Ligand code: SF4
């Protein structure tokens with residue numbers, strides 16, 4: 001007789017075979033790379049980048065996941081069965097799988113069998129999310145972390161689109177989220193503080209905006225003292241420094 005756990009695993013495996021995710025790219029297997037940002041910065045990682053986003057940040061460096069004026073969705077995305085994505089990740093010895101986008105939580109129902117398959121295979125999972133979609137309870141499990149990046153006014157997106165109070169409340173209460181802010185100026189730290197105070201967002205990571213090493217270094221130096229004096233964490237965009245913004249690294 002099957003245990004409830006074995007039964008639910010079998011159901012999840014069946015679901016994984018049936019469901020799919022609109023995917024932009026998977027990388028980190030043949031050409032190894034690192035998680036470039038946040039608490040796991042520098043840790044070897046596999047990446048599953050999902051296509052589609054609900055925001056339109058001016059400085060977005062993955063417009064090929066959503067900007068169909070500039071890019072062709074038929075060329076930039078494919079539907080991948082979840083079972084194939086799980087098999088792809090499990091074929092690698094790399095433990096950390098970063099699910100990013102675009103905005104991955106737009107496809108949340110299919111993420112549940114994906115996460116179950118990855119965790120069952122011994123992986124850890126980090127989601128990179130813009131914090132506008134509340135996480136399903138089924139994703140709030142050991143082995144999963146959410147790197148939540150609420151967008152500031154520097155994104156050029158209207159506040160009522162980029163700040164969704166109920167979603168931020170859910171992430172803050174989850175105990176499985178960190179909050180990472182793409183920042184250009186010292187003045188923006190006040191905007192971060194207001195959001196952190198209002199929604200109880202902690203820990204706070206500040207990350208310089210930029211797609212060139214020169215810009216990242218300049219902004220890091222601009223921000224460093226002010227971030228340190230607030231007791232926040234300064235993070236980097238290691239992939240830009242290491243690989244010069246090469247796609248798929
Ligand atoms: Fe790009 Fe992220 Fe903004 Fe979406 S939320 S537009 S993927 S930076």
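Counting each DSSP H run of 4 or more residues in the chain as -39500 (n - 2.57), what helix-only mean residue ellipticity at 222 nm follows after dividing by all residues, to the nearest 500 deg cm²/dmol?
-10500 deg cm²/dmol
Could you give log10 I(q)/I(0) at q = 0.12 Å⁻¹ for region 185-249, computed by the Debye formula over C-alpha point scatterers of equal weight, without solvent?
Scattering profile of region 185-249, log10 relative to I(0): -0.34.
Could you grab the relative contact order for the chain? Cα pairs under 8 Å, six or more apart, rounded to a whole percent.
Rounded, it is 19 percent for the chain.
What translational diffusion coefficient, to the nearest whole µm²/s, does region 41-118 have by Stokes-Einstein, given a Kirkwood radius computed over alpha-carbon pairs, a temperature of 20 °C and 1.002 mPa s viscosity?
D, rounded to a whole number, is 157 µm²/s.
Kindly give the semi-axes, whole Å and largest first, of the ellipsoid equivalent to region 130-225, taking each as the square root of 5 times a Cα gyration tensor eigenvalue.
25, 15, 12
Got the relative contact order for region 48-121 handy, in percent, Cα pairs under 8 Å and 6 or more residues apart?
46
From the C-alpha gyration tensor of region 84-138, pull out the three semi-axes of the equivalent ellipsoid (sqrt of 5λ each), sorted largest to smallest, in whole Å.
So the three semi-axes of region 84-138 are 20, 11, 9 Å.
In 10 Å bins starting at 0, how do the alpha-carbon pair distances of the chain split up by percent?
The distribution over the chain is 7, 31, 37, 19, 4, 1, 0, given as percents.
Starting with the fewest neighbours, write out 71, 34, 181 ranked by other beta-carbon atoms found within 10 Å of each beta-carbon. Don't skip to the answer; put the middle values down first.
Working: 71 16, 34 19, 181 24.
Listing 71, 34, 181 from fewest to most nearby Cβ atoms yields 71, 34, 181.
Round to a whole angstrom and tell me the spacing of the C-alpha centers of region 84-111 and region 195-249.
Taking the Cα centre of region 195-249 as reference, the centre of region 84-111 is 24 Å away.
Using the number of other C-beta atoms within 10 angstrom as an exposure proxy, rank 232, 88, 68 with the fewest first. Each step should come with its number before you reach the end.
Details: 232 21, 88 15, 68 11.
Fewest-to-most Cβ neighbours within 10 Å comes out as 68, 88, 232.
Read the figures in this text as sums done on the coordinates, not as results from a lab. All figures in this text were calculated on a predicted structure; none of them were measured in a lab. Glycine also receives a Cβ, built like all others from the backbone with ideal geometry; neighbour counts cover every protein chain displayed.
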